[in-house]
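What follows is one structure encoded as structure tokens, with my remarks underneath.
The values are calculated or read from the model by the stated rules, or taken from the named source; none is laboratory data. Values in this document were obtained by computation on a predicted structure and should not be read as measured data. Here the Cβ positions follow ideal geometry from the backbone for every residue, glycine too, while neighbour counts run over all protein chains shown.
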Amino acid sequence: MSPLLSVSDLRTQFSTDRGQVKAVDGVDLEVREGETVGLVGESGSGKSVTALSTMGLVDDPGEIVSGSVELTDSDLAATFRERYDSPSFVDGDTVDLTDAPEEALRFIRGQEISMIFQDPMTSLNPSVTVGEQVAESLRLHQYGGRRKDSWFNAVREILPKISRDIDEDVRERTIEVLEDVGIPEPGARIDEYPHEFSGGMRQRVLIAIALACQPDLLVADEPTTALDVTIQAQILDLIDGLQEDLGMSVLMITHDLGVVAETCDRVAVMYAGEIVEEGPVEEIFGNPSHPYTYTLLESLPSEEKDRLTPIEGNVPDLVDMPDGCHFAPRCPWATEECTSGEIPFLQHGGDDVDHRAKCILEDFDESEYGSEGLAADADHRLRDEPLVELDGLRKYYDQEDGILDRFLGGNGRSVKAVDGVDFTVYRGETLGLVGESGCGKSTAGRALLHLTEPTGGRVLFAGTDLTELDGSALRDTRKDLQMIFQDPLSSLDPRQTVGATVREPLDIHDLPESDPSVGTEAEVTVSGIARDRVDVTVGDEIDAVVGSGGGVATAHVTVTVVDDEVDVEVREHLGVDASVDRTDRGEIERVSVTLSAGDTDRLRRRRRVRQLLEAVGLEVGQYDRYPHEMSGGQRQRVGIARALAVDPEFIVADEPVSALDVSVQAQILNLMEELQDRFDLTYLFIAHDLSVVRHISDRVAVMYLGEIVEVAPTDELFADPMHPYTQALLSAIPEPDPTADTDDRIILEGDVPSPTNPPSGCHFRTRCPKVIPPEEMDIDQEAYREVMDFRQRVERRSIDVDTARETAAGDGRRVAEDGRTATTDGGAASTDAVAAALRESQFDRFPEGKPGETVDRALRLVAEGDWEGAESLLADRFTSICEREPPTLDGEKHPAACHLVE
């Protein structure tokens, strides 16, 4: 049986001044009916260009220079034979997309093949309602709305839509599609704009656009990269359910190997424009047979690894790629044979397994990889000495509706970004701060450092209250508190060289300067001369250049004597003055070495910057480069070097690895652990990737809607999470193991509420799957959760009663409810009929007994338009302790703010 999509020897290149960029270089790939194929690899490996090439969406200066992309569909082939006279791009049931004209490709896009793009905010048109954006695809492909390309029709498209006979049908179908992808109350939200939707809901809109015409193949290009782990779980669950319902195939493009393991049937691993390994998902993860696949998996943080093993180097320049295997320059097992000629595909696994790898090696010794280096010793760093203490920290942002509000006073509303945060960071530890986007993590970090002034509360640093310091004192203290920002490209000045960027804080704070309390020492290695004949004198101020750890600045000196010639090497960037005393016969009697920081501030600063560049793993030769000339990982290293320049004690790392590939991420995490040991640093590590937090943190604080809800040692938190929000976060982490059981995964519904008006009591109660029912009420937990969701929709007046009324007044005007029949005689539907339609749309698990009777009364009140009556009835009967009383963060070692814990 022919595959649905077949890509053969596809080559896509981009013309540049430097030459041809070979973005896709001979890719072969098949997607069968009903299966999900994952396409993985580092950034720059060609994944997205492969997807764009399959749909004919490569723009100038790019072009498909050779190869074919074939789609097998008998109905589509028959349609093109009717439209075109003997089409050359149709062969039997197969359509060659690389040979098809643009008009044919436009017919295919959206109807036969659809694509979900990475960033919903840039993919959706901000000036067009979400309903119209979904309806556009329906009009083009299913409701006869396609017009010829012309200036006149282009103008008609941007003018306000004039009602057409088909518009009502399109609207109904649009509502159905939005409902299918989980948009609540789609009839009411169809006329809203993208900015009125949350990130997760915008991604659902993109999925709705892609699936509106029920295509045979869905290309999902990083569909969850910009989403929190909880929203990611929702979207992956949605795509999986829709695939099963529609029977479509999926090409899943991602760098998240956990997503691939959980969603894909087969996996293709891509590197430098080529597919280097392909096979069933269980084979790829259980028996990786290409060195690149193996090293990529080894870069992932896991519970078992104390130290990560990153892939050295970077993806090669796609203009001038190495001969032979493109991965050979980075491969730990590369041989001479790997660097020339065409590399063949070898089969792996059993006879009934189609598992191939583009490598000359049948196997490789995995024990040779990752053995260098030792894990960071966390135990010796930790001390029971508070360094940073937050007491009731608050940060509110006032909201003004207009310019007059700024002068006459606003409406009193504030965005409560951080709302009473308490936690302690002990000297030498890493405290992880986790939570969804919008929960206040980054704001808390900035307020802690006073980069944004707190609204209230106290911040103690080494016993000093930062909130009481004036400008000059705070500026002086900032030398001890630094920040590493999330996006290294936007946080670095593109007009400054790397050296100038790292040197700037030294200029601002008039550094480097020596600390009189720091001692100095030299570790001396000799060869060809006795150690007692080598004298090394270390200047008292070398800590100004090399920094210090444990109160000591150390220089590393190697003295080598060969054939009466003396060579002195110093690892650090220090001034070196060496002298040799000889006997009368010219033999070496003594070698004296003097090390110094430098005589001028300018010299010291330059040496300090060079020292920092080497400390973070950069070459000294990169001193004069600009940010755009460096890779993402190198730019993040520059940001770390800048933070270290003033020799801080405490660093807030705000999502420092979220924008990096998994292999580069491993490099940065290892670097941060090494620097922590070397310079006695303390970290507040802010992240949404819980696997990264688990790897690097000693303790973890979980934040939700401006508040800390749980704090515990890392191992204890992951083993026994106590707060329902923490349980949901940990449950949503994708496991990079296709055999892992995810049936008990907790899928949180909805989004984080607005911090302008947070819920009363426990802020998490509006989404909590364990919200506590009233004591006297006998009700199923899931049913009570649905009742609470219904209450929220009543309070927001966000229930689409008009659609329910239209449904109730539909075919025959007959609606069955509780064994009775309510009818109307050609007029409006009865209240009971509308209430029944609302019940059907609002509940999957309706409560039984008296709770169900109360809800039925509330539904009838909503059907009658008595929103206040329904709201009052539900509040009176279903109010929970979770909304009446805010929980407290009690406990010493493992506190959790939840009434269930209390």
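The set of residues in the range 94-118 being assigned to a loop (DSSP other than H, G, I, E, B) and surrounded by 15 or more Cβ atoms within 10 Å (Cβ to Cβ) consists of L97, T98, D99, A100, G110, Q111, E112, F117, Q118.
Does at least one position in the range 311-319 carry a residue that is of a type in the set (G, A, S), in the same structural domain as V353 (by TED's automatic domain parsing) and assigned to a loop (DSSP other than H, G, I, E, B)? Yes - at least one qualifying residue is present in the range 311-319. For the range 205-225, the criterion of being at pLDDT below 85 and either in contact with a Gly (Cβ under 6 Å, 6 or more places away or on another chain) or not polar (S, T, N, Q) (or both) is satisfied by no residue at all. Count of the range 6-42 residues, restricted to those that are assigned to a loop (DSSP other than H, G, I, E, B) and either free of Cβ contacts under 8 Å to residues at least 12 places away in the same chain or among the hydrophobic types (A, V, I, L, M, F, W, C) (or both), is 1. The condition of being part of a loop (DSSP other than H, G, I, E, B), more than 30 Å from V315 (Cα to Cα) and among the small types (G, A, S) holds for only one of S45, S86, that being S86. Checked against (1) under 17 Å from the mean Cα position of the chain (by Cα); (2) within 23 Å of E735 (Cα to Cα); (3) of a type outside the set (D, E, K, R), G632 passes all but a single condition, namely (2). Between E572, E523, the distinction of being in contact with a His (Cβ under 6 Å, 6 or more places away or on another chain), modelled with pLDDT of 90 or more and among the charged types (D, E, K, R) belongs to E523 only.
Taking the criterion of being within 21 Å of D73 (Cα to Cα) and surrounded by 17 or more Cβ atoms within 10 Å (Cβ to Cβ), the residues of the range 4-31 that qualify are L4, L5, S6, V7, L10, L29, E30, V31.
Every test in (1) modelled with pLDDT under 95; (2) closer than 16 Å to A104 by Cβ; (3) touching a helix residue (DSSP H, G or I) at 6+ places or on another chain (Cβ under 6 Å) is passed by L57 save one, and that test is (3). Filter the range 288-323 down to the residues that are buried (at least 18 other Cβ atoms within 10 Å of the Cβ) and without any contact (Cβ under 8 Å) to a residue 40 or more places away in the chain, then identify the one that is nearest to K22 (Cα to Cα). Checked the range 288-323; the qualifying residue nearest to K22 (Cα to Cα) is Y292.
Quick check: is even one residue across the range 615-630 acidic (D, E), surrounded by fewer than 18 Cβ atoms within 10 Å (Cβ to Cβ), at pLDDT below 90 and assigned to a helix (DSSP H, G or I)? Yes, the range 615-630 has at least one match.
Listed by position, the strands (runs of 3 or more DSSP E) contained in the range 653-763 that have at least 1 residues being of a type outside the set (S, T, Y) and in contact with a His (Cβ under 9 Å, 6 or more places away or on another chain) are 699-704, 707-713. The helices (runs of 4 or more DSSP H) found entirely in the range 827-889 that carry 3 or more residues being modelled with pLDDT under 95 and in contact with a Lys or Arg (Cβ under 8 Å, 6 or more places away or on another chain) are 831-842. In the range 801-816, is there at least one residue being on the phi > 0 side of the Ramachandran plot and either surrounded by 19 or more Cβ atoms within 10 Å (Cβ to Cβ) or modelled with pLDDT under 95 (or both)? Looking for residues that are on the phi > 0 side of the Ramachandran plot and either surrounded by 19 or more Cβ atoms within 10 Å (Cβ to Cβ) or modelled with pLDDT under 95 (or both), one finds at least one in the range 801-816, hence yes.
Within the range 627-652, residues that are free of Cβ contacts under 8 Å to residues at least 60 places away in the same chain have Cβ atoms under 9 Å from residues that are in a loop (DSSP other than H, G, I, E, B) in these pairs: Q634/N314; Q634/G617; Q634/L618; Q634/R625; R637/V616; R637/G617; R637/L618; R637/M630, counting only partners at least 6 apart in sequence or on another chain. Just one of (1) under 20 Å from the mean Cα position of the chain (by Cα); (2) not in a helix (DSSP H, G or I) fails for Q214. It is (1). Here is a check on your reading of the model: is H326 touching a strand residue (DSSP E or B) at 6+ places or on another chain (Cβ under 7 Å), of a type outside the set (V, I, T), in a loop (DSSP other than H, G, I, E, B) and under 15 Å from E735 (Cα atoms)? Spelling it out, it is not the case that H326 is touching a strand residue (DSSP E or B) at 6+ places or on another chain (Cβ under 7 Å), of a type outside the set (V, I, T), in a loop (DSSP other than H, G, I, E, B) and under 15 Å from E735 (Cα atoms). Listed by position, the strands (runs of 3 or more DSSP E) enclosed by the range 227-285 that each have at least 1 residues that are in contact (Cβ under 8 Å) with a residue 60 or more places away in the chain, under 19 Å from the mean Cα position of the chain (by Cα) and buried (at least 24 other Cβ atoms within 10 Å of the Cβ) are 249-253.
Comparison of L71, L124 shows that the only residue that is in the same structural domain as I175 (by TED's automatic domain parsing) and within 36 Å of the chain's Cα centre (by Cα) is L124. In summary, S490 fulfils each of the numbered conditions (1) over 29 Å from G549 (Cβ atoms); (2) in a loop (DSSP other than H, G, I, E, B) with the single exception of condition (2). Assess whether R694 counts as being among the charged types (D, E, K, R), within 14 Å of V434 (Cβ to Cβ) and under 19 Å from the mean Cα position of the chain (by Cα). Taking the combined requirement at face value, the residue satisfies it. In the range 335-349, the residues that are in contact (Cβ under 8 Å) with a residue 40 or more places away in the chain reach residues that are part of a helix (DSSP H, G or I) with C-beta atoms within less than 7 angstrom, at least six apart or across chains, in these pairs: G349/E283. Here T600, T583, T525 are screened, and the one residue that is polar (S, T, N, Q) and surrounded by 11 or more Cβ atoms within 10 Å (Cβ to Cβ) is T525.
Table: residues versus (1) at pLDDT 85 or above; (2) out of contact with any strand residue (DSSP E or B) (no Cβ under 6 Å at 6 or more places or on another chain).
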site	(1), (2)
P734	yes, yes
D743	no, yes
G750	no, yes
T756	yes, no
T766	yes, yes
I772	yes, yes
D778	yes, yes
E782	yes, yes
V787	yes, yes
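Selection over the range 528-552 of residues that are polar (S, T, N, Q) and modelled with pLDDT under 95 gives a count of 1.
Restricting the range 470-509 to residues that are under 20 Å from L613 (Cα atoms) and basic (K, R) leaves a set whose member that is surrounded by the most Cβ atoms within 10 Å (Cβ to Cβ) is R503. Checking the range 546-566 against the condition returns a match, with at least one residue being hydrophobic (A, V, I, L, M, F, W, C), closer than 24 Å to R635 by Cα and crowded, with 20+ Cβ neighbours inside 10 Å.
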